[in-house]
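Each remark here refers to the structure printed beneath this line.
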C-alpha cells in the first residue's frame, strides 16, 4: 500500500463539500488551515504537491445570493467568476505562513486531451513545480459550454496526475473509500482496503450518488482510478472532512488504495512508444549519442525532417543510418522543425520570428 511520506509527486483533489460549509456557503477556514499544514509536511518530505480544487461556484453563489442547487449555466459561470478569486486568495493565505507560493491554473478536460495543449499545460506545471510552487488547479467553469459537473474534477485530477507524472493521487471525498455497494442504502456493503485490478465486477459496484455540493459519484472516481493507475499513479479515496485529512490517511484512516503496476516514468514511455508517428526526424551522430544518454533533442542535431506533424504530435527519430532510434512528442510543427534544423537553440527566435523552446523534443516526451 502506498504511503504519502514516500510520494515523489502528489496530486490532491478537494471537493466543494469539504471546502465550503453547505449550510452557510462560507469557506471552512479551520479545515483549509489543517490542509495547509499537511501540504507543508509533504513538501518537507521533498515531494511536489498539486491541489485540484473545486469550490469556486460554491463560494461565488454565496456572495451573489444564488440558490445552493440547480443553477442555470449562466449563473454557474457568473458564480465561478466571482468565487475563483476568493478560492485562489484562500489558498494563498493558508499556505503563505509556511513560505509556500501558490499559483492559479485554470484548465479544462480538453486541455489534457489535446496533445498541443497538453504539452503547454505540462510545461507550465513542470516549471511551477521546479520553482517550488504549489499549483491550485481548477476546471475553467467560467467558460464551460456544457453542464458544469463538480464530479468532473475527479477525472481532471487524474488527468493532471498523468500530465505531470505523479506517483500518487488522493481524492478527498465525502466517503471513506470504495464499497461493494452504497453504504447509505446497504448496511451489508463492505469497503475495499486495496484494489489491484478494476474488474467488470468492481465497475458494476460503482454508484452515482453524490453529496449536495458535489455531484460526482463513484463512477467518476472509478474512471479516475483507471486513468491514473494505467499511467503508473496509485490512487486513494478517503473521507476528507476531518482536520489534517492527509496526515490522517498516512496514519491509517479508512480508505481504498488503487495500486499501479508500472511507475509513472515507464508508463509514460510506453504510451509515447505506442503512438502512430506523424513524421520522421533524422539526427546526426552527436544527437544520437546524446539521446541514448538521456538528453533532449535539440535543433542543432537534426539533419532531416519529413512528414506533416503539428505541435504535440508523435514523430519517429532515426539515426544517421535511418535506423529507428526513438519516438517523441514534438514541440514544433514540421515546418518549424525544418526551419530550425541544424541551428543552435539561441538562434530559434531569429529564425522563426518568435521565441521558442530550446528543445525540439524534451527528454520527458521521448521514448527510446
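Every read-out reported here was derived from the displayed coordinates using simple, explicitly stated rules and does not represent laboratory data. Fair warning: this is a prediction, and the values are worked out from it, not measured in the lab. When we count neighbours, we look across all protein chains shown, and the Cβ atoms used for this are built from the backbone with ideal geometry, even at glycine.
For the reader, a short list of remarks on this structure follows.
- Taking the square roots of 5 times each eigenvalue of the Cα gyration tensor of region 49-92, largest first, gives ellipsoid semi-axes of 20, 10, 8 Å.
- Potential lengthening between residue 368 and residue 174 on full extension [0.36 nm per residue; Cα-Cα distance subtracted]: 65.6 nm
- Note on the chain: GNM, Cα springs under 10 Å; of 344, 43, 13, the largest mean-square fluctuation is that of 344.
- Candidates 115, 28, 343, ranked by Gaussian network fluctuation over the chain, Cα under 10 Å, top entry: 343
- For residue 303 and residue 270, the difference between the fully extended length at 0.36 nm per residue and the C-alpha to C-alpha distance is 9.3 nm.
- Cα extents of the chain along the three principal axes, largest first (Å): 66, 43, 39
- Rg to Rh quotient for region 275-367, alpha carbon positions, Kirkwood Rh: 0.92
- When peptides 327-336, 69-78, 356-365 are ranked by their average number of other Cβ atoms within 10 Å per residue, the highest-first order is 327-336, 356-365, 69-78.
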